[in-house]
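The values are calculated or read from the model by the stated rules, or taken from the named source; none is laboratory data. All figures in this text were calculated on a predicted structure; none of them were measured in a lab. Virtual Cβ from ideal backbone geometry, glycine too; neighbours counted across all protein chains shown.
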Amino acid sequence: MKTIIVDDEPLARGIVREYLSAHGDVDIVAECGNGFEAVKAIAETAPDLVILDIQMPKLDGFEVLELVGPRGPRFIFATAYDGYAIRAFEVRALDYLLKPFSQQRFDQALENARAAIAAATPSAAVDSLARDAALRERPVERVLIRDGAKVHVIACARIDCVQAQDDYVEIRAEGRAYLKNQPLSELESQLDPARFLRIHRSWLVNIEAVSRIEQPTRDSHVAVLKDGSRVPVSRGGYQKLRAAMD
């Protein structure tokens, strides 16, 4: 069972490594000190299991799961905080180890992992759980975008507008554009409705990024952003945008 240990505390990684040494069927393929390292290691080694801390610098444990996606490995959370347990199981965690945990408790979690991996839980069900949990966690303060081996972390306050492109969205922030594999309606539900407004069936705008509204023709309007970009505004979107800017 190929396994990765992820924790920003070297001592915590050492304890997990020691506990795993009692299991001859486990091969530790990587140890990571933060979420970025974890995402990279998971992509490179394709592990069966990841033993993952939650509160870490750069990316937390839940953000690692989001970037890895529903078809990745199975996870056991190991954390000093008990307030994340419900969310952990919503996003397909196999077990939730509360530090400090004993060898016996760890062995139980590992046995659960073996059984779950052998049973091969259908990815569609896993995807549904992860998606539903993500929708309940709103509004988000930052958006994660995976670009090959790179991960972009964009603060929502920096986003100017978002355009739907089939199953993707193009997120524009500070003069750059990023593609994210997510429907526009789903991203809209995660963003702060007091800041982001759906002004067209294919467009969201950050109200604070809008400079003015223009009417190029009798029956059309566009929102002109502070960087000069022009975003189409539907009839219903015009009413909402005017109300928000007044």
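Quick check on GLN215: is it at pLDDT below 95 and assigned to a strand (DSSP E or B)? Full working, then the answer.
Numbers: at pLDDT below 95: yes; assigned to a strand (DSSP E or B): yes.
Against the criterion (at pLDDT below 95 and assigned to a strand (DSSP E or B)), GLN215 qualifies.
PHE75 - would you say it is of a type outside the set (A, V, I, L, M), under 20 Å from the mean Cα position of the chain (by Cα) and either in the same structural domain as ASN181 (by TED's automatic domain parsing) or surrounded by 21 or more Cβ atoms within 10 Å (Cβ to Cβ) (or both)?
Considered against the rule, which asks whether it is of a type outside the set (A, V, I, L, M), under 20 Å from the mean Cα position of the chain (by Cα) and either in the same structural domain as ASN181 (by TED's automatic domain parsing) or surrounded by 21 or more Cβ atoms within 10 Å (Cβ to Cβ) (or both), PHE75 comes out as yes.
Which numbered condition trips up VAL151, out of (1) under 26 Å from GLU37 (Cα atoms); (2) in a helix (DSSP H, G or I)?
Of (1) under 26 Å from GLU37 (Cα atoms); (2) in a helix (DSSP H, G or I), only one is false for VAL151: (2).
Using beta carbons and a limit of 9 Å, which pairs, at least six apart or on different chains, have the first residue in the stretch 214-226 and loosely packed, with under 12 Cβ neighbours inside 10 Å and the second one assigned to a strand (DSSP E or B)?
GLN215/HIS221; GLN215/VAL222; PRO216/VAL222; PRO216/ARG230
Across the stretch 157-193, which residue is nearest to ASN206 (Cα to Cα) among those that are touching a residue at least 40 places away in the same chain (Cβ under 8 Å) and of a type in the set (S, T, N, Q)?
That would be GLN163.
For the structure I just gave you, tell me whether VAL64 is assigned by TED's automatic domain parsing to the domain that holds VAL26, crowded, with 19+ Cβ neighbours inside 10 Å and within 13 Å of the chain's Cα centre (by Cα). Reasoning before the result, please.
Numbers: assigned by TED's automatic domain parsing to the domain that holds VAL26: yes; crowded, with 19+ Cβ neighbours inside 10 Å: yes; within 13 Å of the chain's Cα centre (by Cα): yes.
Criteria met by VAL64.
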